[in-house]
Amino acid sequence: MPSSLSVIARSALERYLCTMSTHAEGKLVTIVDDDESMRNALMGLLKATGLPTRVFASAEDFLGSGIQHETACLIADVRMPGMSGLELQARLNADHCSIPTIFITAHGDTKMRMEALRAGAVEFLTKPFDNAVLLQHVRAAIEN
């Protein structure tokens, strides 16, 4: 039997997901992560909120897709083979393509976090992160 705290937390997350879906429909969220299981988990989470979601296994694939200007929020892993998430952010900034970006990483440190935030990231989350916190930042990014 689940504890009353876990039921309350689950109920709060469900209410939040319902609220989010009514305000964020039609806003494309793009996920760039080389880890297939992470891409699938994030895609499932975001689709449950009603957000259109596209996923890419690499920064290069994302850049080659041409959907940068359709993306309302980008969720990117920091460490990936080829172009890193931070290099992707720098490239987008150089191309004057400002996308609210949320970085996720299992290998972050304070210096890396500060670099990302100074370059315009809206958040820098360390894995494992709380799904509700991620959704809160996605919502804030797409509503601005």
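Ile102 satisfies every condition listed in (1) in a helix (DSSP H, G or I); (2) closer than 19 Å to Leu28 by Cβ except (1).
Taking the stated definitions as given, is Arg118 among the basic types (Lys, Arg), modelled with pLDDT of 95 or more and surrounded by fewer than 18 Cβ atoms within 10 Å (Cβ to Cβ)?
Details: among the basic types (Lys, Arg): yes; modelled with pLDDT of 95 or more: no; surrounded by fewer than 18 Cβ atoms within 10 Å (Cβ to Cβ): yes.
Taking the combined requirement at face value, the residue does not satisfy it.
Residue count for segment 129-141 under the criterion of being over 11 Å from the mean Cα position of the chain (by Cα) and within 16 Å of Met43 (Cα to Cα): the result is 3.
Taking the condition hydroxyl-bearing (Ser, Thr, Tyr), buried (at least 18 other Cβ atoms within 10 Å of the Cβ) and modelled with pLDDT of 95 or more, does Thr49 pass? Steps first, answer last, please.
Values: hydroxyl-bearing (Ser, Thr, Tyr): yes; buried (at least 18 other Cβ atoms within 10 Å of the Cβ): yes; modelled with pLDDT of 95 or more: no.
In short, no.
Listed conditions (1) surrounded by fewer than 17 Cβ atoms within 10 Å (Cβ to Cβ); (2) more than 18 Å from Thr126 (Cα to Cα); (3) of a type outside the set (Ser, Thr, Tyr); (4) without any contact (Cβ under 8 Å) to a residue 40 or more places away in the chain are all met by Leu63, apart from (1). Here Phe62 clears all of (1) under 16 Å from the mean Cα position of the chain (by Cα); (2) at pLDDT below 95; (3) of a type in the set (Phe, Trp, Tyr) except the condition numbered (2).
Restricting attention to segment 74-85, does a residue exist that is under 17 Å from Ala140 (Cβ atoms) and either small (Gly, Ala, Ser) or assigned to a loop (DSSP other than H, G, I, E, B) (or both)?
Step one: of segment 74-85, the residues under 17 Å from Ala140 (Cβ atoms) are 74-76.
Going one step further and asking which of them are either small (Gly, Ala, Ser) or assigned to a loop (DSSP other than H, G, I, E, B) (or both), we end up with 76.
Yes, the conditions are met somewhere in segment 74-85.
The values are calculated or read from the model by the stated rules, or taken from the named source; none is laboratory data. What you see is a predicted model, and the numbers here were worked out from it, not measured in a lab. Cβ sites come from the backbone with ideal geometry, for glycine too, and all protein chains shown count toward neighbours.
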